[in-house]
Amino acid sequence: NTSTGSGNTYSWTFQVGTPCSSTAANPTIPYYAPGTYTVTLVATNNNGSNTKTQTGYITVSGSNSLPLTEGFESATFPPTGWSLNNPDASTTWAHTTSASGFGTSSASTFVSNYNYEAPGQKDWLITPAYNFTGVSNGRIRWEYAYAAYNTQSTYADSLVVLYSTNCGATWTTLWSRGGTGLGTASNTTNSFVPTAAQWKRDSVSLANLSGQTSVRFAFKNTCSYGNNLFLDNINIYNASAQQGSAPVADFVATPTTVVAGNTVTFTDLSTNSP
């Protein structure tokens, strides 16, 4: 409630909410049916009453079945069912075709920390909810690219991967890196745009989420006015379901051209859980 006036009483109506009405100033209402719903508030005092209706204001999503595969190829951003949480309503996750992860991807999402003069701002990219009933060996996998501005901690942006089983009321950290520890390329004081060889892939087991009926995942960028962070090819899947298929071998090397005596790092990109 953000009504003005003094001595107010309130009468709320929530389309399919449970309950569907309230006289509390700031009610908390569970919604159980997926859909898009209207909310009405009538504020009343000795001088009269006033009504505000927000049509199609609340969107309730159901839990999706795995797998999730998101490469940010569509210009629609955030993708359907995804959401952004950005307190300053300024720079946040955005769609770009200037860089992409492994495979045939031609786009990605990024946060322009290089131009984001707002240290401490946290920008969340949040997935729809997924159902882990019968999923005994879940896994989340993603690709990312980042170059630190320098070695100073004051310019160390970070990326945290989290999950929530209560619709975002609380979040649990799955993976976290920042500064040079997040880096996939050498530090640079220029605005970072990764080459194909400057991406990394990582993954985390989700076996502890087996049986959960509604799980959302978030990728949280914390800005330190450092450098750009890119994200691509997010996959959430049941690894056990892939064990009946033959693996498809794939890999990438960084770098692919070296002086004799130097090293090459090889990253396995094979699918179907070899």
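The values are calculated or read from the model by the stated rules, or taken from the named source; none is laboratory data. Predicted model only: the values in this text are computed from it and were never measured. Because the Cβ atoms are built from the backbone with ideal geometry, glycine has one as well, and the counts that use them run over all protein chains shown. Ligands, DNA and RNA are stripped out before the accessible areas are found, and what is left, the full protein with its side chains, is counted by its heavy atoms. Shrake-Rupley method; radii C 1.70, N 1.55, O 1.52, S 1.80 Å.
For the reader, a short list of remarks on this structure follows.
- Of the residues making up segment 138-157, those that are outside any loop (DSSP other than H, G, I, E, B), crowded, with 17+ Cβ neighbours inside 10 Å and in contact with a helix residue (DSSP H, G or I) (Cβ under 7 Å, 6 or more places away or on another chain) number 3.
- Residue within segment 163-173 that is of a type outside the set (Val, Ile, Thr), surrounded by 15 or more Cβ atoms within 10 Å (Cβ to Cβ) and within 19 Å of PHE72 (Cβ to Cβ) present: no
- Filter result (open to solvent by 50 Å² or more (accessible area, probe 1.4 Å), polar (S, T, N, Q) and part of a loop (DSSP other than H, G, I, E, B)) within segment 250-272: THR256, THR257, ASN262, THR263
- GLY17, sole failed condition from (1) on the phi > 0 side of the Ramachandran plot; (2) open to solvent by less than 40 Å² (accessible area, probe 1.4 Å): (1)
- The strands (runs of 3 or more DSSP E) found entirely in segment 6-92 that carry 3 or more residues being over 30 Å from ASN137 (Cβ atoms) and within 25 Å of the chain's Cα centre (by Cα) are 35-45, 48-60.
- Within segment 77-119, the residues that satisfy the criterion of being under 15 Å from ASP232 (Cα atoms), surrounded by fewer than 18 Cβ atoms within 10 Å (Cβ to Cβ) and free of Cβ contacts under 8 Å to residues at least 40 places away in the same chain are PHE77, ALA94, HIS95, THR97, THR104, SER106.
- Neighbours by Cβ (under 6 Å, 6+ apart or cross-chain): first from segment 207-223, closer than 16 Å to SER61 by Cα and of a type in the set (S, T, N, Q); second open to solvent by 50 Å² or more (accessible area, probe 1.4 Å) and in a strand (DSSP E or B): THR213/ASN131
- Residue in segment 233-249 that is outside any strand (DSSP E or B), in contact (Cβ under 8 Å) with a residue 60 or more places away in the chain and open to solvent by less than 30 Å² (accessible area, probe 1.4 Å) present: yes
- Set THR28, THR36: member being exposed (fewer than 12 other Cβ atoms within 10 Å of the Cβ) and under 24 Å from PRO128 (Cα atoms): THR28
- Residue in segment 208-215 that is modelled with pLDDT of 95 or more, assigned to a strand (DSSP E or B) and at negative phi present: yes
- Test: residue in segment 184-195 that is more than 15 Å from TRP124 (Cβ to Cβ), assigned to a helix (DSSP H, G or I), open to solvent by 30 Å² or more (accessible area, probe 1.4 Å) and among the aliphatic types (A, V, I, L, M): no
- Among (1) assigned to a strand (DSSP E or B); (2) hydrophobic (A, V, I, L, M, F, W, C); (3) farther than 26 Å from THR267 by Cα - the single one PHE110 does not satisfy: (3)
- Against the criterion of being touching a Leu at 6+ places or on another chain (Cβ under 9 Å) and modelled with pLDDT under 95, ALA241 qualifies.
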